[in-house]
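Colleague: For reference, the structure I am asking about is given below.
No value in this document is a laboratory result; all are computed from the given coordinates. Since this is a predicted model, take the numbers as computed values, not measurements.
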Amino acid sequence: MLAEKYLRDELNKFAKYVIQQSRSNLTKGKKNASKELYNSLGYEVSQSAKETSMAFKMADYGDFVDKGVQGKDKSIKAPNSPYKFGRKTGKKGGLTKGIDKWVRRKGIQFRDKKGRFLSYEQTSFIITRSVYSTGIKASMFFTKPFERAFKRLPDDLVKAYSIGIEKQIQINLKEK
C-alpha cells in the first residue's frame with residue numbers, strides 16, 4: 001500500500017537527518033579522532049506485514065560519548081549519566097588501552113619539571129587517572145539531533161501516511 005511507502009520514506013528522511021547531524025556534531029565537538037564512531041553511525045528501517053520499525057546503530061562506546069560518564073570521585077562533568085567509573089562492570093584495562101591508543105595517535109607527550117618529555121605510557125597514565133577520577137563530559141552528539149527531529153516526526157508521519165492513503169484512494173477510484 002502507498003501509505004506504508006510514504007511512512008517508510010518519512011522514517012528514512014528522519015534517520016538520515018539524525019545521522020547527518022550526529023556526524024556533524026562529532027566533527028565540530030572534536031570527538032572524531034579515529035573516525036570509528038563517525039563511520040559506525042547508521043540506521044535500518046524494516047517493514048513487515050503488520051509493522052514498520054526503525055533502529056539506529058553505532059559503536060559500543062558511542063553511548064558513553066553521548067551521555068558521558070561520571071567520575072569515581074566527582075560527577076561534575078556528567079551528573080545525569082547512567083554510567084560511572086569504579087563500578088567494576090566494565091572491561092578491565094579498557095580505559096587505559098583506549099587512552100594509550102589515543103595519546104599515541106595524537107602524539108601527545110607531557111613534560112616533567114626539567115622540561116624532558118614523558119613517555120607515552122606515563123602521559124596516558126596521567127590522563128587515564130584524571131578521566132577515571134573526574135569522568136567524561138556528555139557531548140549529546142546523538143541525543144540533541146534525535147530529540148530535535150523527533151519533535152517534528154509525529155506531524156510528518158501523519159502527513160506522509162495521509163498522503164499515501166489519499167493517493168491509494170485515487171488509484172482505486174481510477175481503476176473502477
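Colleague: Mind listing the long-range amide H neighbours of TYR43? Cut-off is under 5 Å, sequence gap 5 or more, other chains count too, H placed in the peptide plane at 1.01 Å from N.
Modeller: HN-HN under 5 Å from TYR43: LYS57.
Colleague: Are there DSSP H segments in the chain that both extend 15 Å or more along their axis (alpha-carbon positions) and score a mean Kyte-Doolittle hydropathy of at least -1.0? List them, or say none.
Modeller: TM-like helix candidates: 2-28, 120-134, 143-175.
Colleague: In the P(r) worked out for the chain, what percent of Cα pairs fall beyond 25 Å?
Modeller: Above the 25 Å cut-off, the chain has 51 percent of its Cα pairs.
Colleague: Still on this structure, I have one more. May I have the count of lysine pairs in the stretch 56-103 with C-alpha atoms under 14 Å apart, counting pairs 8 or more residues apart or located on different chains? Let's see the in-between values first.
Modeller: Numbers: LYS67/LYS77; LYS67/LYS84; LYS72/LYS84; LYS72/LYS88; LYS74/LYS84.
Lysine pairs meeting both conditions in the stretch 56-103 amount to 5.
Colleague: Calculate the length of the line joining the C-alpha centroid of the stretch 41-70 to that of the stretch 104-153, in whole Å.
Modeller: About 24 Å separates the Cα centre of the stretch 41-70 from the one of the stretch 104-153.
Colleague: Add -39500 (n - 2.57) for each DSSP H run of 4 or more in the chain, then divide by its residues: what number comes out at 222 nm, to the nearest 500 deg cm²/dmol?
Modeller: For the chain, the value works out to -19000 deg cm²/dmol.
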